[in-house]
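Please treat every number below as a calculation from the coordinates, not as lab data. Treat the numbers as computed from the prediction; the structure is a model and nothing was measured. Using ideal geometry, Cβ is built from the backbone for each residue, glycine included, and neighbour counts are taken over all protein chains shown.
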Amino acid sequence: MKTTRSAWALAGLLAGLAGLATSYFLAAALSIRESPVVAIAEGIVRLAPGAAVEQGIQTLGTNDKPILVAVILVVACALFAYVGLLARRSSWAPTLVYVVLAVLGGIAVLAPASSSTTDVVPVALGLVTWVVALSLLTEPLRAADRHAAASDEPAPSSPTGQTRRGFVLRAGLVAGAVGVLSLGGRFLGAGRRRVEETRRLLRLNGITEPDVPNAALVDIDGISPWMTPADDFYLIDTAFVKPAIDPKDWSIRIHGMVEQEIVLTYDQLMAREIDESWITICCVSNPVGGPLIGNAWWSGVRLASILAEAGVDPEADAVLQTSEDGWTCGTPIEALTDDRNAMLAVAMNGKPLPIEHGFPVRTIVPGLYGYVSATKWVVDMEVTKFSEFDAYWTTKGWGELGPIKMSSRVEVPGSGDRVDAGEVTFGGTAWAQHTGIAGIEVAVDGGEWLAGEVSSPGTDDTWVQWRAVVDVEPGDHTVRVRATDKTGLVQTGALADVLPDGATGWHTIDFTAS
Ligand SMILES: Nc1nc2c(c(=O)[nH]1)N[C@H]1C(S)=C(S)[C@@H](COP(=O)(O)O)O[C@H]1N2
Ligand SMILES: [Mo]
């Protein structure tokens, strides 16, 4: 007896669902924002023309996303069944389809700037599951086909009966595993979903919407938006599983070399005066010209007022911060107590912090790299001395103090772009947080430095945008930029690696004028 087409299709369907289930389970276990299927749905929404999305939302209402996910699942099921049929004739075609699907899934999960590389691990697990489950399920079918080809007459101890039983058993096991993993994934993801929901419904008093000052902008197309949307904000942390903390379970303890220990719950924190300001934060690992920097409207409570209330011992020179996930950093105490707006931030761009960016409370300090200051999910601050502790990154060879180094970036034209010869407009960003940028200069082909103009955001704690117009001959060229800060210091061209305390050098790009 030969196997039926439906048995092969069923094998394909089950193998496909098994891969979705393992990836869903792992994504939930790692508390990744969304499973690969949801990421694909979001990718489709992102790529779809605005009008189509508008139409979809209008006809489907708030159910648009679940319906899209359901449609994707139905299409995937059909494809999986087809892969099962393919497996009967070809050993490599199913794997090819799986790899293509996994690549699409990988692109979808990595597309948002707020993704991290660990987000692809569930996709990889799904791919492995597809291949293994398909070979497991089709093996008895293959054996039955081979047997049918060898003899048309079943032997008394019918091996086809045995292989059919083998298939049914394996199919049952895989189906059971799919069920268990799907339920398990739902269970594991529940905590995060609940916090996500609490966050969505949270209404914070004293928090205003961002209002980008006109003077912060220069008139030029194609450069980074001055305010970085939360979804595009770079994301750096060591947390494999992002902490999902309900505000009612959050509190912070401020202790150590203080006259009086302070413990604040979320409600107590929110009852204090809220300060808001534009602050550009960046990562010490940002190479010259790199993307690990973002500017946001932060709302929170000034640390200077909380620390004053605690009464800091004059001998203390550091605050050891600890996050809920056990990450630590040491911050120079003066940066938390001087007149700058160092804060326990609760909102970013007028909305409660996204979970990835430290919900419900994180530290933001103007002028210091993130690794010595910007603790997400912060729960503990010990006033102490640098000589008394090692923090997460300083044990790995990074500098103790971490002031941000002045830097600047050419964004327009993009590297390798072609522009019209003649008057070329260059543009980009420059920053020297808490000192401020006074100006920038550009040099084409290593020639003389020519002054450009910079925007004036009205604060020294953010980046500025800049533009410069230079006459350029047809041909291949380079352009570089250097900034000058408000103390008159000119950005150094000496190349330094990001380790141990931040990169230096002039950002230089190639372009062609024709
Ligand atoms: N809990 C925690 N907070 C952290 C980190 C971390 O690994 N864990 N990384 C820091 C580093 S190195 C940077 S650059 C900033 C990045 O903040 P963002 O992800 O919101 O952009 O967070 C800081 N806060
Ligand atoms: Mo960082």
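Straight-line reach from Lys396: which aspartates and glutamates have Cα under 14 Å away, leaving out those fewer than 8 places along the same chain?
Candidates past the 8-residue exclusion: Asp501.
Straight-line reach from Lys376: which aspartates and glutamates fall under 15 Å, measuring Cα to Cα and dropping same-chain residues less than 8 apart?
The qualifying aspartates and glutamates are Asp237, Asp246, Glu324, Asp325, Glu356.
Find how many whole Å separate the alpha carbon centroid of region 91-145 from the alpha carbon centroid of region 318-394.
40
Bins of 10 Å, beginning at zero and ending with the bin holding the largest distance: percent of Cα pairs per bin for region 5-188, please.
9, 32, 30, 17, 7, 3, 0
If I model a spin label at Ala70 and Leu96 as a point 7 Å from the Cα along the Cα→Cβ vector, what separation in nanometres do I get?
Going by the 7 Å Cα→Cβ label model, 3.5 nm.
On the principal axes of its Cα set, how long, how wide and how thick is the chain? Give whole Å, largest value first.
Here the spans come out as 94, 68, 49 Å, largest first.
Assuming R0 = 41 Å, can you tell me the calculated FRET efficiency for the pair Leu217 and Glu139, based on Cβ-Cβ distance, to the nearest 0.05?
0.05
Applying 1/(1 + (r/R0)^6) with R0 = 30 Å to the Cβ-Cβ distance of Ser415 and Tyr392, what FRET efficiency is obtained, to the nearest 0.05?
After rounding, the FRET efficiency stands at 0.35.
Sticking with the crude label model, points 7 Å out along Cα→Cβ, report the distance from Val180 to Asp476 in nm, one decimal please.
Output for this residue pair reads 6.0 nm.
Ranked highest first by average number of other Cβ atoms within 10 Å, how do 392-403, 205-216, 271-282 line up?
Answer by packing, highest mean first, reads 271-282, 392-403, 205-216.
Given only helices, namely DSSP H runs of n ≥ 4 each adding -39500 (n - 2.57), what is the per-residue ellipticity at 222 nm of the chain, to the nearest 500 deg cm²/dmol?
-12000 deg cm²/dmol
In whole Å, how far is the Cα centre of region 184-198 from that of region 205-264?
23
Hey, which aspartates and glutamates would be in cross-link range of Lys65, C-alpha to C-alpha under 13 Å, not counting anything within fewer than 8 residues on its own chain?
Glu34, Glu42, Glu54
What does the C-alpha gyration tensor say about the overall shape of region 162-236? Classify as rounded when a/c is under 1.5, otherwise prolate if a/b is larger than b/c, or oblate.
oblate
Taking region 165-214, which trypsin sites (Lys or Arg not before Pro) meet the DSSP loop condition and have no more than 16 other C-beta atoms within 10 Å?
Of the trypsin sites (Lys or Arg not before Pro), the ones in loops of region 165-214 whose Cβ has at most 16 other Cβ atoms within 10 Å are Arg203.
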